[in-house]
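So the structure is just underneath, and the comments pick up after that.
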Amino acid sequence: MFEIHNVLLIPLIMGLVEAFKRAGVSKRFLPLLSIVIGIGIGVVYLTEFDLKQGVLIGTILGLSASGLYSGTKNTMETEGK
């Protein structure tokens, strides 16, 4: 099952999404990409191919990574003004 130290996967997902962003993927697809990567990690790595749990945990990780990225970005833009 999901353990608290697996939350450290969120920055990994953020880094992968940032790499795709720099590779030219449209910004509007990045949140969806974050969820897809999270689900992939959830199914393969965290739950050892238990599809239901993997999708749930992966979605949570992907949404967390997407929200953390946009929240940080918005904070940095606000401070810059």
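The values are calculated or read from the model by the stated rules, or taken from the named source; none is laboratory data. Quick caveat: nothing in here was measured; it's all calculated off a predicted structure. Positions of Cβ are generated from backbone atoms using ideal geometry, with glycine treated the same way; all protein chains shown enter the neighbour counts.
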Q. Any idea which residue in the stretch 13-49 is farthest from T59 (Cα to Cα), counting only those that are among the basic types (K, R) and either loosely packed, with under 13 Cβ neighbours inside 10 Å or in contact (Cβ under 8 Å) with a residue 12 or more places away in the chain (or both)?
A. R22
Q) Which of (1) at pLDDT below 95; (2) in contact with a helix residue (DSSP H, G or I) (Cβ under 8 Å, 6 or more places away or on another chain); (3) not charged (D, E, K, R) does V36 not meet, given it meets every other one? A) (1)
Q | Subset of the stretch 52-73 that is polar (S, T, N, Q) and modelled with pLDDT of 90 or more - its residue that is nearest to I13 (Cα to Cα) | A | S64
Q: Given the conditions (1) more than 8 Å from the chain's Cα centre (by Cα); (2) modelled with pLDDT of 90 or more; (3) not acidic (D, E), report the number of the one that M76 does not fulfil.
A: (2)
